[in-house]
Amino acid sequence: MKRFYKSVAVTDADDGAFLVTLDGRNLSSPAKRPLRLPTRGVAEAVAEEWETQKEEIDPSSMAMMSFAATVTDRVTPQREHVVDEIAGFGGSDLLCFLAEGPDELVGRQVSQWTPWRERAEKRLAMRLAVTAGVMPVRQPPEALAAFRAAVDAVDDWRLAPLHTATSITGSLVLALAFLDGALAALEAFDLSQIDEAFQVEKWGQDREAELRRRNLLAEMKAAERFKMLLDA
């Protein structure tokens, strides 16, 4: 799509929200819903993305707009579904599945994952079942209920970066710590990549795998920026 506007601005809405305007017209989401942003920081970041577009608009360069649109078009209209989707990761959390071997890899997982698993157990007043290998493990109903309650307590805007972090890391434990600010994006991502990093050490880097890793990390860092703009 070619750039169809000249000026970009941020304005205040009557209810305390913030609006981005293109040539004086309020910006809408892809689904044509009004884009009412929760903080000036988010609005200014979205406006900057529109301002820096060249003759051709590149949606892949507009991460903050993407998060804002996701909340407006997907999270808020179907909040319960999104909460269930995120909370569902608690039943198969990466940190509850240790490798069967070798010992060096298992040792890394135990030493680096255990503190975060125990942190979640303490904060949510529950216990998680841990297994080795790919055999399924059933988490206690109390743990699943605690995970869902924790996710349901998150507001619509923060559910978007939480969803991104959970999907990328495969761990609701890590994602909640990331949302709390206890883990930076890179830290949470590296913790989710212990097995992959171990394999690279042993067998070398695969170009496609490295490209995928960089793209996922970029998404995590975008989620971190969006979260910080919400908290500012």
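Annotations for the structure displayed:
- Exposed-site-free run, longest, the chain (rule: GluC sites (Glu not before Pro); DSSP loop; at most 14 other C-beta within 10 Å): 101-232
- The chain - share of DSSP beta bridges that are antiparallel (%, nearest 5): 85
- Once the Cβ-Cβ distance of Arg212 and Asn26 is raised to the sixth power relative to R0 = 35 Å, the FRET efficiency obtained is 0.40.
- With every protein chain in place, the stretch 32-101: carbon and sulfur % of accessible area (1.4 Å): 53
- Within the stretch 1-105, the chymotrypsin sites (Phe, Trp or Tyr not before Pro) that combine a DSSP coil assignment with at most 13 other C-beta atoms in a 10 angstrom radius are Phe4.
- Derived scalar couplings ³J(HN,Hα) [the stretch 171-188; Karplus, 6.51 cos²θ - 1.76 cosθ + 1.60; whole Hz; x for Gly, Pro]: 9, 6, 4, 5, 5, 5, 5, 5, 5, 6, x, 6, 10, 6, 4, 5, 5, 4
- Principal axis extents of the C-alpha atoms in the stretch 116-212 (largest first, rounded to whole Å): 41, 33, 19.
- Computed magnitude of the charge dipole of the stretch 29-152 (debye, nearest 20; Cβ of K, R +1, Cβ of D, E -1): 560
- Chain lengthening between Asp231 and Ser60 when straightened (0.36 nm per residue, less Cα-Cα): 59.2 nm
- Helix 156-169 axis versus longest C-alpha principal axis of the chain: approximately 40°, rounded to the nearest ten.
- The stretch 7-74 gives an Rg/Rh value of 0.93, both radii derived from C-alpha positions and Rh following Kirkwood.
- His81 sits among other residues whose Cβ lies under 15 Å from its own Cβ, and their net charge, with Lys and Arg +1 and Asp and Glu -1, is -3.
- The Rg/Rh ratio of the stretch 127-167, with Rg taken over Cα atoms and Rh as the Kirkwood radius over Cα pairs, comes to 1.08.
- FRET efficiency for Arg127 and Glu187, using Cβ-Cβ distance with R0 set to 25 Å, rounded to 0.05: 0.55
- Förster-model FRET efficiency, 35 Å R0, Ala145 and Val110, C-beta, rounded to 0.05: 0.85
- Paramagnetic reach from Lys221 in the stretch 54-81 [backbone N under 16 Å; point 7 Å along Cα→Cβ]: 61-64
- Set against the labelled values [x] -0.27, -0.54, -0.64; [y] -0.21, -0.43, -0.53; [z] -0.25, -0.49, -0.58, log10 I(q)/I(0) by the Debye sum over Cα atoms at q = 0.07, 0.10, 0.11 Å⁻¹ computed from this structure falls on [x].
- For the stretch 87-101, 3J(HN,Hα) computed residue by residue from phi via the Karplus equation (6.51, -1.76, 1.60; θ = phi - 60°) reads 4, x, 5, x, x, 9, 4, 3, 6, 9, 10, 7, 5, 7, x Hz, glycine and proline entered as x.
- Ordering Pro34, Leu128, Ala99 by the projection of their Cα atoms onto the charge dipole of the stretch 1-133, which places +1 on the Cβ of Lys and Arg and -1 on the Cβ of Asp and Glu, puts Pro34 at the extreme positive end.
- Comparing Cα centroids, the stretch 163-232 and the stretch 115-133 end up 20 angstrom apart.
- In this Cβ point-charge picture (+1 for Lys and Arg, -1 for Asp and Glu), the chain has a dipole of about 300 debye about its Cα centre.
- Computed extension length for Glu85-Ala9: 23.8 nm, one decimal, from 0.36 nm per residue of separation with the Cα-Cα distance subtracted.
The values are calculated or read from the model by the stated rules, or taken from the named source; none is laboratory data. It should be emphasised that the depicted structure is a prediction, and the values quoted were computed from it without experimental measurement. Glycine also receives a Cβ, built like all others from the backbone with ideal geometry; neighbour counts cover every protein chain displayed. Heads up: the accessible areas ignore ligands, DNA and RNA and are worked out on the full protein's heavy atoms, side chains in. Shrake-Rupley method; radii C 1.70, N 1.55, O 1.52, S 1.80 Å.
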